[in-house]
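Every number in this text was worked out from the coordinates using simple rules, so none of it is lab data. Treat the numbers as computed from the prediction; the structure is a model and nothing was measured. Don't worry about glycine lacking a Cβ; one is built from the backbone with ideal geometry, like all the others, and counts go over all protein chains shown.
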Amino acid sequence: MTVKPLQLIRERAWNGPWAHLPKNVADYPSMLSLEERKMLGWLTEHYFSGAGIVCDLGFYLGGSTISLADGLRRAGRTGKLIQAYDFYEIGPKGWEKHMASRGFEFPSDGNALPLVEKMTSDYADLITFNKGDFCQSPVPEAPIEICFVDISKSPELNDHIIKSYFSKLIPGQSIVVQQDYFFRAPPWDIATMEILSDYFEPLSFADINSAVFLNTKQIDDHAIEISSSKHFSKELFIEKIKAASRHFPFAVQRAQLYKALRAVQAGSNEVREKAWKNRFKIDEITAEEVYSAFDS
Ligand SMILES: C[S@@+](CC[C@H](N)C(=O)[O-])C[C@H]1O[C@@H](n2cnc3c(N)ncnc32)[C@H](O)[C@@H]1O
């Protein structure tokens, strides 16, 4: 490939007419959009060098994992290169939404892992499943080259990701995908990447969900300390969401960041976790208020 891979990530090369989205990946039950699946498969097919492993943090029924695994397969990679983490639990609502029409039996104990193993069996040689609470799960010893984050659902989980996973990134090579960055916009995801702006470079995005970053500097004790949730406050979130809008200037991205900003502004420090969830209720916004909230 003559074009530098980082430039291709910036250009979202996974949307090119040459990009692959195999039918089994497109049809797989997942919360990810089709562009995100293409992006993950593109990263493992074209960017992954083998200098580290791939971590899939928050797997649900395996949509992110099969996307990552199929890219590795297309690139001819071998070995247990993917470490995937989740509770692997499914309730009747999730079953109805994602699995009802697929001809499997509902697992009455809620354990979705046997089902996930069956649905991803073509890629079993590439994946290690870690079932249970992520904070108690074994942390890989190997360096991490691609870290897909879809599990940062609380400040405590965010702390664990930075301390135990980001510290294993390879500066200048490793890619972090923050899946919730735009879609759910939990303020700690956005704040973390701004607080660690000496350690990460924003590179790209997929849809109004994922943001893609390059790790540029070793995550050390200082990085872990400054990004710790013990420093989180409403004022910090507001400052960092505003700062983040400089990297992501497209209207739809600004609209999503603005919703996160308004949700944080509406809540007190104590209720900040509830406040960001309330952003889903913010449906009427005007261009004027969005653009006046951020420096253009
Ligand atoms: C948005 S879903 C992941 C979607 C998935 N990437 C896909 O492709 O469909 C988030 C997942 O994080 C998992 N999760 C949240 N907190 C967790 C924890 N403390 N330990 C393990 N898994 C957790 C949930 O079980 C859920 O499946």
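Tabulated results
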item	result
FRET efficiency, 1/(1 + (r/R0)^6) with R0 41 Å, evaluated for residue 96 and residue 3 via beta carbons	0.40
Convex hull volume per residue for segment 5-231, taking Cα atoms only, in Å³	118
Helical mean residue ellipticity (222 nm; -39500 (n - 2.57) per DSSP H run of 4+; nearest 500) of the chain	-9500 deg cm²/dmol
Around residue 42: net Lys/Arg minus Asp/Glu count, Cβ-Cβ under 15 Å	+1
Compactness of segment 144-190 - radius of gyration and Dmax, Cα, Å	10.5, 28
Environment charge at residue 86 (Cβ cut-off 11 Å; Lys +1, Arg +1, Asp -1, Glu -1)	-3
Length added when fully stretched, residue 246-residue 10, from 0.36 nm per residue minus Cα-Cα	83.4 nm
Proxy reagent accessibility, fewest Cβ within 10 Å first, across 23, 80, 259	23, 80, 259
Amide N proximity, segment 61-85 versus residue 122 label position 7 Å along Cα-to-Cβ, cut-off under 19 Å	61-82
Geometric extent, Cα atoms of segment 105-146 - Rg, Dmax (angstrom)	13.0, 38
Proximal charge balance of residue 13 [Cβ under 15 Å; K/R count +1, D/E count -1]	+2
